[in-house]
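We did not get these values from a lab; they are worked out from the coordinates using the rules stated. Note that the structure is predicted; figures quoted are calculated from it, not measured. With ideal geometry, Cβ positions are generated from the backbone for all residues, glycine too; neighbour counts draw on all protein chains shown.
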Amino acid sequence: MTSPDPTAPVVLDQVSVSIGGRPILRDVDLTVRSGDMVTLLGPNGSGKSTLVRSVTGLLPHTRGTVRLFGTPIEDFTDWRRIGFVPQRSSAIGGVPATVREVVSSGRVGRRGLFRPTSGADRRAVENALDVVGLAGRASYGISQLSGGQQQRVLIARALAGEPDLLVLDEPTAGVDLVNQRALADALGRLKETGATILLVAHEIGPMAPLIDRSIVMRDGLVAYDGPPLTQELASHTHHPHGHDHAHEGPSRHDHAPHVASPFDLDRRER
């Protein structure tokens with residue numbers, strides 16, 4: 001575990017979360033340092049999505065402290081510093097818009113809802129499209145793109161806001177290898193700018209060289225916090241049954257209920 005840094009982009013200190021009276025996260029300590037790319041691994045129901053929802057302010061914690069850039073989350077207001085990349089299926093399916101329109105919506109936090117688009121806004125959108133390799137498809141409708149390309153649009157939307165912290169929820173789920181490589185290239189270019197990246201993943205794939213640290217969740221606890229895991233070990237974290245994981249927590253099995261994507265727009269609006 002890394003040493004606590006109260007000014008780091010993300011600091012969780014003894015954070016617990018309960019949903020419907022059931023404990024999902026239990027006394028989690030976690031620090032994500034500035035400029036690092038951290039992967040959050042673990043089987044379904046292990047607490048990954050709950051942790052991300054707590055970090056992004058979509059789910060309140062029941063105990064402990066969550067700090068963003070040194071500020072308790074209850075007092076944090078500069079949300080434009082944080083970019084969210086949800087799972088594609090929960091955020092973009094059926095949207096009747098062009099690629100550029102979707103990406104441009106990522107600038108709202110920077111310019112305000114009713115202010116006209118500025119030259120800086122347009123440059124940020126074009127740069128984001130270039131980073132994810134979709135500049136040539138800016139006028140396409142979202143429905144014309146493949147699943148992997150749609151996921152890259154979501155990353156571009158987040159990048160258009162020029163975030164200091166980028167949180168991604170399983171961006172490679174259901175994405176072919178070509179688009180996984182494109183995603184890895186986009187994240188690599190973002191990382192070069194000094195941005196901090198927190199990535200929920202089932203498969204590391206081409207992103208492996210970018211990762212600075214791996215976190216493995218199990219039964220609402222941090223079971224591992226250390227150097228990046230290999231692809232084989234990372235895959236193993238999602239299939240724990242039948243193996244000895246006594247060192248990773250008090251239980252070998254995943255009993256926590258499944259939690260939906262932290263960027264479920266319908267849930268957020270309720």
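Given points 7 Å out from each Cα along the Cα-Cβ axis, report the Ser143 to Asp5 separation in nanometres with one decimal.
Taking the simple label geometry, Ser143 and Asp5 are separated by 4.6 nm.
Applying 1/(1 + (r/R0)^6) with R0 = 30 Å to the Cβ-Cβ distance of Ser118 and Gln14, what FRET efficiency is obtained, to the nearest 0.05?
According to the calculation, E is roughly 0.10.
Could you please tell me the mean projected area of the C-alpha convex hull for the range 1-48, averaged over all directions and given in square nanometres to one decimal?
The orientation-averaged projected area of the Cα hull of the range 1-48 comes to 3.9 nm².
Fully extended, how many nm does the chain gain between Asp212 and Arg22 (0.36 nm per residue separation, minus their Cα-Cα distance)?
65.2 nm
Can you tell me what the convex hull of the Cα atoms of the range 180-227 projects to on average, as an area in nm²?
3.6
Hey, fewest Cβ within 10 Å first, where do Met217, Met37 land in order?
Listing Met217, Met37 from fewest to most nearby Cβ atoms yields Met37, Met217.
Can you run phi through the Karplus equation (6.51, -1.76, 1.60; θ = phi - 60°) for the range 23-38 and list ³J(HN,Hα) in whole Hz, with x for Gly and Pro?
Whole-Hz 3J(HN,Hα) from phi for the range 23-38: x, 10, 10, 10, 6, 7, 10, 7, 10, 10, 6, 4, x, 8, 10, 10.
Between Ser105 and Phe76, how many nm apart are label points set 7 Å from Cα along the C-beta direction?
Reported label-point gap for Ser105 and Phe76 is 2.3 nm.
If you plug each phi of the range 198-205 into the Karplus form 6.51 cos²θ - 1.76 cosθ + 1.60 with θ = phi - 60°, what whole-Hz ³J(HN,Hα) values come out, in order, with x for Gly and Pro?
10, 10, 8, 9, 9, 10, 7, x
Charges at C-beta only: +1 for Lys and Arg, -1 for Asp and Glu. How large is the resulting dipole of the range 111-209 about its Cα centre, in Debye rounded to 20?
360
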